Every structure is written in structure tokens, then in C-alpha cells.
Amino acid sequence: MTKNAEVARVLKEIGLLLEIEGKDKFKPLAYYRGVRSIASLGEDVETIAKRDALTDIPGIGKGLSEVIKQYLETGEVELLTELRTRVPVKALELDSIPGVGPKTIKLVYDKLGVTDLESLERTANEGKLSGLPGLGEKTQIQIIEGIKVVRAGLERTLLADAMLAAEGIENALRKLKVIKKLEIAGSTRRRRETIGDLDILVVATDPEAVMAAFVKSDGVSSIQAQGPTKSSVRLGSGLQVDLRVLPDDSFGAGLQYFTGSVDHNVRIRSIAQKMGLRLNEYGLFKGEKKVAGEDEEGIYKTLGLQWVPPELREDKGEIEAAQRGELPALLSKDDIRGDLHSHTDQSDGKNTIEEMLDAAQALNYEYYCVSDHTQSLTIANGMDESRLLKRIEEIDELNASGRWKMRILKGAEVDILADGGLDIEDCVLSQLDVVTVSIHSRMKDTKGTMTERVCRALENSHVHILGHPTGRLIGKRSEFEIDLERVFETAQKHHVVMELNAYPQRLDLNAGNLRAAIKMGLKIAVNTDAHRISELENMQFGVFQARRGWLTSNDVINTYHLKELMKAIKK
Ligand code: DGT
Ligand code: CA
Ligand code: CA
Ligand code: ZN
């Protein structure tokens with residue numbers, strides 16, 4: 001992992017504290033500029049520092065480069081330590097609240113002595129914010145809402161981040177010769193959107209050696225408990241990791257138990273009881289005799305059930321389906337034949353179209369759709385009709401060049417305007433292979449207005465896909481107010497596909513929405529919305545979420561061969 005995000009955070013905190021201190025108007029701006037350029041770097045900042053080329057990065061001058069060097073070499077920055085004593089404000093924490101920026105932080109610190117999320121919440125609930133200059137009743141409500149969103153996100157970790165952390169620990173542990181088996185269990189195995197803590201299970205010939213190595217893993221910041229069969233540590237990111245050593249002959253029972261969910265397990269245990277059996281984390285027992293437990297399959301089979309994929313273990317009907325032998329054949333990553341939503345440097349993507357195509361080709365895709373933003377999204381440098389027409393021509397040439405075996409599809413992510421109209425003329429839309437429409441503005445519209453807006457957009461006869469239908473960003477922004485049932489009905493009528501956006505912070509639609517959508521006969525497109533090469537890998541998170549929504553390959557149009565895909569989206 002690169003240090004870029006860490007460095008950006010350090011610069012951001014310095015900028016914020018300088019602005020709150022208020023001695024210099026321009027210095028904070030220089031730091032914010034630095035944050036933006038470090039955050040969008042294509043290269044590891046540490047590598048650049050080693051070449052002594054930090055000042056070559058646009059926006060990084062002598063002063064900032066010294067700060068970055070100090071941080072990379074010592075893990076600390078003198079200026080930041082001093083600032084934190086002079087201005088005892090948890091600036092990053094406050095800044096992460098939607099609707100709260102440097103100006104507000106300075107104001108509430110100066111006038112009310114607010115220093116962190118808790119004291120801000122208290123003063124907001126007491127109604128003290130709305131009396132401040134430039135801060136009305138409405139902003140106060142927005143801030144209270146924002147704090148709720150942040151709180152929900154702070155306590156849990158995004159699946160993608162948790163899996164990355166798990167992978168690091170797993171790789172280190174697997175190097176130990178004494179480890180015979182290792183599985184990640186808990187909510188991570190069930191691929192929930194967010195993870196409370198990591199649960200790792202192992203079988204080992206020397207448990208003490210495993211525990212000793214585990215508590216010293218990279219990234220561990222504190223040891224919560226260390227015992228012969230269970231240890232817990234906390235990582236620098238705040239994520240807790242539990243490691244359990246299980247006996248080899250009951251590994252399946254332990255894996256089943258610690259995968260959860262609790263609700264699923266309660267039901268499974270009661271099925272066992274009704275059969276005169278007893279199930280716990282050591283096995284399935286008839287009296288004293290163990291009848292299953294070495295592997296999970298044996299447990300489910302003995303209980304008269306199909307083996308249940310972990311993504312379904314939420315007691316949402318999977319047990320009944322498993323009893324009837326009717327569990328769906330869930331989508332798998334190998335079923336995916338292409339990606340229908342991606343960006344390039346034509347709008348706000350980081351890579352050129354050629355770079356994105358090379359990366360997509362390496363994934364063995366049969367087709368790949370390039371879908372940059374359109375004109376009303378000015379911050380993303382969206383395309384107008386003339387740029388889009390040029391893009392269409394360019395893609396025709398790229399297809400003709402024969403450089404890529406896959407078919408390059410002509411697309412756009414077209415903005416839905418305030419009234420539900422689109423910001424590209426129909427005569428241009430009609431020349432595209434795949435038209436995705438999305439909401440990127442006025443996200444606070446009332447439910448009625450938002451539903452009307454989206455439905456009207458879906459009525460346009462050139463529209464194929466509704467992008468990230470609820471607009472949520474996990475831990476950052478709630479879903480828009482929208483009547484999804486009506487949206488689904490309209491989509492069904494006008495033959496529009498729903499997107500499952502695989503971006504780890506979006507995962508939009510969620511599992512419940514997906515199930516509702518396919519029940520109505522809608523089709524789904526699982527798309528990465530990649531803005532850079534590395535994000536093409538996010539397809540896996542879309543597939544996990546699709547599985548949690550009970551989707552089979554037949555429900556997902558980008559599992560189809562090109563010909564069938566084109567037929568499926570044809571209006
Ligand atoms: P999380 O960590 O909040 O994202 O969710 P989980 O599901 O990973 O929950 P966690 O870490 O507390 O426990 C891991 C699994 O262990 C859980 O899914 C089921 C099992 N488990 C834990 N406590 C209990 C319990 O009291 N009863 C039963 N039946 N199972 C439990
Ligand atoms: Ca857990
Ligand atoms: Ca746990
Ligand atoms: Zn979008």
C-alpha cells in the first residue's frame with residue numbers, strides 16, 4: 001500500500017489547524033492544494049521522495065516537501081505537533097462531517113469551544129449552533145444528520161478495506177509452517193458491506209507460536225488479549241482482529257459457527273434440536289457421539305440442508321430454500337464478460353482510454369463500455385454533444401484498429417437534470433451503444449420530486465441503464481429520498497436495466513433492493529464505475545453484493561455474450 005492517503009491526511013490536518021488558528025490566510029490554501037495533488041498522484045509518494053523529486057509534483061513547493069519528507073522519515077511532523085498543542089481541535093474528525101468545513105469548524109471553536117464530534121453534537125442538540133453568524137436552523141439540522149452518518153460509518157469498516165487488512169495478516173500467517181488451515185470467517189466471509197471486526201480461524205500444530213506471530217503482525221497498534229486459543233488485536237486503522245485456533249477435527253463446525261450470522265445460526269441450531277441433535281462450535285453431536293463437524297458440508301447435509309453460500313446466511317429465506325434444495329446458483333466472478341460503466345481522462349478519470357482498454361483486455365473481457373460524464377457535471381469536465389460525437393468517432397477507430405480483441409462499446413453517463421430531462425440531445429444519445437443515466441445534483445430533492453425526476457429520465461427511449469440508483473456513499477451520504485418501487489415499475493415498463501455499482505463505498509443497489517428488483521423481473525448490470533485502472537478490480541465487490549442479493553448469472557446482463565447483451569438492452 002502506498003503512503004499517499006496518509007500523507008494527504010497529514011497535510012489536510014495541518015491546513016485545517018492553520019486555518020482555525022487564523023494567523024495566515026494563504027498558507028492553509030497551499031496545504032489544501034497539496035492534499036489534492038497527493039491524493040490524485042498515480043505514483044507512490046515515498047518513491048518520489050526517494051528520488052528527491054517531491055517538488056516536481058504540481059502544488060508541492062519547498063515547504064510542503066520538507067513536511068512530507070519529515071513525515072516519511074520519522075512518522076511525525078514537528079509543525080503538526082506544535083499546532084495540535086496550540087489548537088486542540090480534532091480537525092479531521094470534524095471536517096469529515098457532511099456539511100462541516102474549515103469555516104464552520106473555526107466558527108464553532110472560536111465561539112463555542114467545540115473541539116470534536118462529540119462536543120459539536122452536544123452543542124447542536126442544545127440548539128446553540130443556529131445562533132451563530134451565518135449558521136441557521138437548517139444548517140444545524142444538516143449537521144446533526146451529518147454526525148449520524150459519520151457515526152454509522154466510523155464504527156464499521158468498508159468490506160474492501162477489511163479484506164485488504166485481512167489479506168495482509170493472512171499472507172503473513174500463511175508463511176508459518178505450523179499453520180495447517182486458515183479461513184477468514186464472520187461478516188467478512190458473508191461479504192457484508194461493512195465489517196465490525198475481523199474473525200480469523202486457524203488450525204495449527206503450535207498455537208503459541210501462531211499467537212506470538214499474530215500479535216506482532218504489521219499494522220497492529222495494540223494487543224487486546226493474548227491466549228493459547230484466542231487473541232485479539234487492534235490495527236492502526238481502528239479495526240479489531242480476532243484470531244482463534246481450532247482443533248482440526250472440528251474446523252468445519254467452528255467455521256460454520258464463527259461465520260454467522262447469529263440469526264442464521266440460531267435457526268440452524270434449532271433444526272438440529274428438533275432432530276435430537278446438538279450443534280455448537282465443536283461439532284454436531286448425537287448424545288456424546290460426534291456425527292459431523294470436520295467440514296461445513298457435513299453439518300448442513302446431516303441437517304437435511306444444501307450447503308448455504310456464506311453470502312446468504314442472514315436468515316432471509318435461505319434456510320427454507322436449502323431445505324427444499326432450491327438455493328439459487330449464485331453469480332460468480334467468472335461469469336462476468338464485461339464492464340458497462342467506466343471513465344477516462346476525457347472527464348474525471350485518471351487514465352487515458354487506451355490505458356483503460358489495455359487493463360480491461362487483461363481481464364479477458366468480451367466487451368467494455370467507456371462512459372464518461374456529460375456537460376452539466378462541470379466539476380468532472382463532462383462532455384457536450386460535440387465532444388461526445390468526437391468520442392464516438394474515436395471509438396469507431398479504436399474498434400477498427402484491431403488492437404483490442406474485445407468490443408469497445410460507446411457509452412456515456414448522462415446527467416439527469418432537475419426536471420428529469422437529460423443533458424445530451426436525443427440525436428446524439430441514439431448513436432451510443434449503452435446510455436447510463438445518473439443523478440449527480442440536487443440530491444436533497446423531496447421524495448416526490450426525486451422519484452418523478454428519475455422516472456421521467458427512464459421514460460426517454462434512448463436510456464438503457466440507471467446508474468447508482470440511490471446515490472448513497474456508505475458512511476458519508478445517505479440514500480436519496482426516492483420511491484424505488486415506482487422507479488422499478490417504470491424501469492420495467494420502459495425496459496431499463498438497474499445498475500449495481502461495485503464501487504466499495506457505493507454498492508448501490510443494496511442486497512434487499514436487488515432482490516426486490518429481480519423479483520419484479522428487472523435485469524441488473526454489475527459495473528465498476530472505474531475512474532482509474534486499479535478500480536477495474538472492484539468488480540469483485542459488485543459480485544459479492546450481487547450474491548447477497550440472490551442474483552444468478554441470468555439476472556445480470558454483463559454475463560451475456562455480446563450478441564445477447566445487445567439484444568437484452570435493445571429498446
Ligand atoms: P461484525 O463483526 O459485527 O461485522 O459481524 P460478525 O457476524 O462477524 O459478528 P462477530 O464478529 O460478533 O461474531 C462472529 C460470528 O460468531 C457471528 O457471525 C456468529 C458467531 N457468534 C458470535 N456470537 C454469537 C452468539 O452469541 N451466538 C451465536 N449463535 N453465534 C455467535
Ligand atoms: Ca466479525
Ligand atoms: Ca469477532
Ligand atoms: Zn456517477
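The values are calculated or read from the model by the stated rules, or taken from the named source; none is laboratory data. The structure presented is a predicted model; accordingly, all values stated were derived computationally and were not measured. Note that we place each Cβ from the backbone using ideal geometry, even for glycine, and neighbour counts take in every protein chain shown. Surface accessibility is based on the protein's heavy atoms, side chains included, excluding ligands, DNA and RNA. Shrake-Rupley method; radii C 1.70, N 1.55, O 1.52, S 1.80 Å.
Under the condition of being assigned to a strand (DSSP E or B) and within 21 Å of residue 159 (Cβ to Cβ), which residue from segment 222-240 is nearest to ligand 1 (Cβ to nearest atom)?
Ranking the qualifying residues of segment 222-240, first place goes to 240.
All but one of (1) without any contact (Cβ under 8 Å) to a residue 60 or more places away in the chain; (2) part of a loop (DSSP other than H, G, I, E, B) hold for residue 111, so report the exception by its number.
The one condition residue 111 does not meet is (2).
Is there any pair with a first residue in segment 293-316 that is open to solvent by 20 Å² or more (accessible area, probe 1.4 Å) and a second that is assigned to a helix (DSSP H, G or I) and among the charged types (D, E, K, R) whose Cβ atoms are under 7 Å apart and which are 6 or more apart or on different chains, and what are they?
Partner pairs satisfying both residue conditions: 294/249; 307/296; 307/297; 314/263; 315/263; 315/267.
Could you check, for segment 262-273, whether at least one of its residues is in contact (Cβ under 8 Å) with a residue 12 or more places away in the chain and touching a Phe, Trp or Tyr at 6+ places or on another chain (Cβ under 6 Å)?
No, segment 262-273 contains no residue that is in contact (Cβ under 8 Å) with a residue 12 or more places away in the chain and touching a Phe, Trp or Tyr at 6+ places or on another chain (Cβ under 6 Å).
Can you tell me which residue within segment 241-261, out of those that are within 30 Å of residue 3 (Cβ to Cβ) and touching a Ser or Thr at 6+ places or on another chain (Cβ under 6 Å), is nearest to ligand 1 (Cβ to nearest atom)?
242
Assess whether residue 127 counts as being at pLDDT below 95, in contact with a Gly (Cβ under 7 Å, 6 or more places away or on another chain) and either part of a helix (DSSP H, G or I) or open to solvent by less than 40 Å² (accessible area, probe 1.4 Å) (or both).
For residue 127, the condition - at pLDDT below 95, in contact with a Gly (Cβ under 7 Å, 6 or more places away or on another chain) and either part of a helix (DSSP H, G or I) or open to solvent by less than 40 Å² (accessible area, probe 1.4 Å) (or both) - is not met.
Do you know which residues across segment 383-432 are aliphatic (A, V, I, L, M) and within 18 Å of residue 466 (Cβ to Cβ)?
409, 412, 414, 416, 417, 418, 422, 424, 429, 432
Is one or more of the residues making up segment 184-198 under 20 Å from residue 280 (Cβ atoms) and away from ligand 1 (no atom under 16 Å from the Cβ)?
no
With 398, 388, 409, 432 as the choices, which residue is in a loop (DSSP other than H, G, I, E, B) and surrounded by 15 or more Cβ atoms within 10 Å (Cβ to Cβ)?
432
Hey, does segment 117-129 have a residue that's of a type outside the set (A, V, I, L, M), closer than 19 Å to residue 20 by Cβ and touching a residue at least 40 places away in the same chain (Cβ under 8 Å)?
no
Output the residues belonging to segment 418-434 that are of a type in the set (Val, Ile, Thr) and either in contact with a strand residue (DSSP E or B) (Cβ under 6 Å, 6 or more places away or on another chain) or within 17 Å of residue 378 (Cα to Cα) (or both).
424, 434
Determine, yes or no, whether residue 102 is in contact (Cβ under 8 Å) with a residue 24 or more places away in the chain, open to solvent by less than 60 Å² (accessible area, probe 1.4 Å) and out of contact with any strand residue (DSSP E or B) (no Cβ under 9 Å at 6 or more places or on another chain).
yes
With more than 14 Å from residue 337 (Cβ to Cβ), at pLDDT 95 or above and in contact with an Asp or Glu (Cβ under 8 Å, 6 or more places away or on another chain) as the only criterion, which of 532, 547 stands out?
Working: 532 fails: in contact with an Asp or Glu (Cβ under 8 Å, 6 or more places away or on another chain).
When all the criteria are applied, what remains is 547.
In segment 400-414, which residues are farther than 21 Å from residue 570 by Cα and either at pLDDT below 95 or not hydrophobic (A, V, I, L, M, F, W, C) (or both)? Talk me through it step by step, then tell me what you get.
Taking segment 400-414 and keeping what is farther than 21 Å from residue 570 by Cα, we get 400-405.
Matches in segment 400-414: 401, 402, 403, 405.
Among all residue pairs at least 6 apart or on different chains, which show Cβ distances below 6 Å where the first residue, located in segment 474-502, is in contact (Cβ under 8 Å) with a residue 60 or more places away in the chain and the second is away from ligand 2 (no atom under 16 Å from the Cβ) and among the small types (Gly, Ala, Ser)?
Partner pairs satisfying both residue conditions: 475/153; 497/525; 499/467; 499/525.
So, in segment 478-531, exactly how many residues are more than 30 Å from residue 357 (Cβ to Cβ), of a type in the set (Ser, Thr, Tyr) and open to solvent by 50 Å² or more (accessible area, probe 1.4 Å)?
Number of matching residues: 1.
What is the one condition in (1) at positive phi; (2) within 16 Å of ligand 1 (Cβ to nearest atom) that residue 219 does not satisfy?
(2)
Could you tell me how many of the residues in segment 144-187 are modelled with pLDDT of 90 or more, assigned to a helix (DSSP H, G or I), touching a Ser or Thr at 6+ places or on another chain (Cβ under 9 Å) and open to solvent by less than 80 Å² (accessible area, probe 1.4 Å)?
Total meeting the criteria: 11.
Please specify each residue of segment 188-237 satisfying the condition of being within 14 Å of ligand 2 (Cβ to nearest atom), of a type in the set (Gly, Ala, Ser) and either closer than 19 Å to residue 171 by Cβ or surrounded by fewer than 17 Cβ atoms within 10 Å (Cβ to Cβ) (or both).
Of everything in segment 188-237, just one residue is within 14 Å of ligand 2 (Cβ to nearest atom), of a type in the set (Gly, Ala, Ser) and either closer than 19 Å to residue 171 by Cβ or surrounded by fewer than 17 Cβ atoms within 10 Å (Cβ to Cβ) (or both), namely 196.
Given the conditions (1) open to solvent by less than 60 Å² (accessible area, probe 1.4 Å); (2) over 24 Å from the mean Cα position of the chain (by Cα), and given that residue 378 satisfies all but one, which numbered condition is not satisfied?
(1)
Could you list, in sequence order, all residues of segment 175-223 that are touching a residue at least 40 places away in the same chain (Cβ under 8 Å) and either hydrophobic (A, V, I, L, M, F, W, C) or within 16 Å of ligand 4 (Cβ to nearest atom) (or both)?
Listed by number, the residues that qualify are 185, 195, 198, 200, 201, 202, 203, 204, 213, 214.
Can you name the residue in segment 458-477 that is crowded, with 19+ Cβ neighbours inside 10 Å and over 22 Å from residue 411 (Cα atoms) and, of all such residues, is modelled with the highest pLDDT?
Selected residue: 472.
Counting residues that are under 24 Å from residue 477 (Cα atoms), which helices (runs of 4 or more DSSP H) fully inside segment 1-108 reach at least 2?
In segment 1-108, the matching helices (runs of 4 or more DSSP H) lie at 4-21, 27-39, 91-95.
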